[in-house]
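The values are calculated or read from the model by the stated rules, or taken from the named source; none is laboratory data. The shown structure was predicted, so the numbers you read here are calculated from the model rather than taken from an experiment. Ideal geometry is used to build each Cβ from the backbone, glycine not excepted, and the neighbour counts take in all protein chains shown. Note: areas computed on protein heavy atoms with side chains; ligands, DNA, RNA excluded. Shrake-Rupley method; radii C 1.70, N 1.55, O 1.52, S 1.80 Å.
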Amino acid sequence: MESVVEASIEIAQYMQDGALLTDLSSVKTGIADRIASKVPTAVEYVSIHPLFGPSIDHVEGQNIVAIPFKTGSQWRSFSRALRKAGARVHLMSSEHHDRVMGYVQALHHFALLSLGVALRKWDGEFKTSSIAETLDRIEGLLDNWGTIVEIQRLNPYSPVVRRGFIETCLQLVGMQQSDVSDVERTLQSNVHKWSRKL
């Protein structure tokens, strides 16, 4: 991801006035703002983050986050085309993006990494369909290892969500029978909250 800054700044210098520069970095803080500060005045710049992987061959029904720095007719045309194709384009700040991605990406990946390493003494015998699906997700981390590590390292919210995860794990390890209903209520509340979001 750090190479995105250098490459984007270099490319921007050769772009025509009124052209649109975008990047697809998974972390925005320290990347998109650095690019924005070096983009020529007459070049549009919007940092985007498609919230789907390269295996998806369409944008219909997919979420795309956009951080608009300098917009004009090219961005309006591009965003209109994305929406017409069925994409859900969400405008937000770099800070908001990274805070949300701290949970959606950094914490999610960290939990899978933790589980994958913690399973080191299991030889894979007697897989349930549920663990098989989880193992596929863990294996998927290895396919995109460089990005996974950079998200952990570069997202400014990663350390906070990782510490929160560890604290929650420690609380659950010491869970007493009297805590079970509180944990269930929290889980039900979270599931209800997530089901109302796109």
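A few comments on the model shown:
- For the residues Ser189, Ser181, the requirement of being more than 26 Å from the chain's Cα centre (by Cα), free of Cβ contacts under 8 Å to residues at least 24 places away in the same chain and over 19 Å from His96 (Cα atoms) singles out Ser181.
- Within the stretch 35-72, the set of residues being modelled with pLDDT of 95 or more and of a type in the set (Gly, Ala, Ser) comprises Ala36, Ser37, Ala42, Ser47, Gly61, Ala66, Gly72.
- Residue match in the stretch 175-197 (condition: within 21 Å of Glu2 (Cβ to Cβ) and not hydrophobic (A, V, I, L, M, F, W, C)): no
- Of residues in the stretch 23-48 being touching a residue at least 40 places away in the same chain (Cβ under 8 Å) and open to solvent by 10 Å² or more (accessible area, probe 1.4 Å), the one farthest from the chain's Cα centre (by Cα): Asp33
- Long-range neighbours under 9 Å by Cβ, at least six apart or interchain, first residue of a type in the set (A, V, I, L, M, F, W, C) within the stretch 152-175, second assigned to a loop (DSSP other than H, G, I, E, B) and open to solvent by 50 Å² or more (accessible area, probe 1.4 Å): Leu154/Thr29
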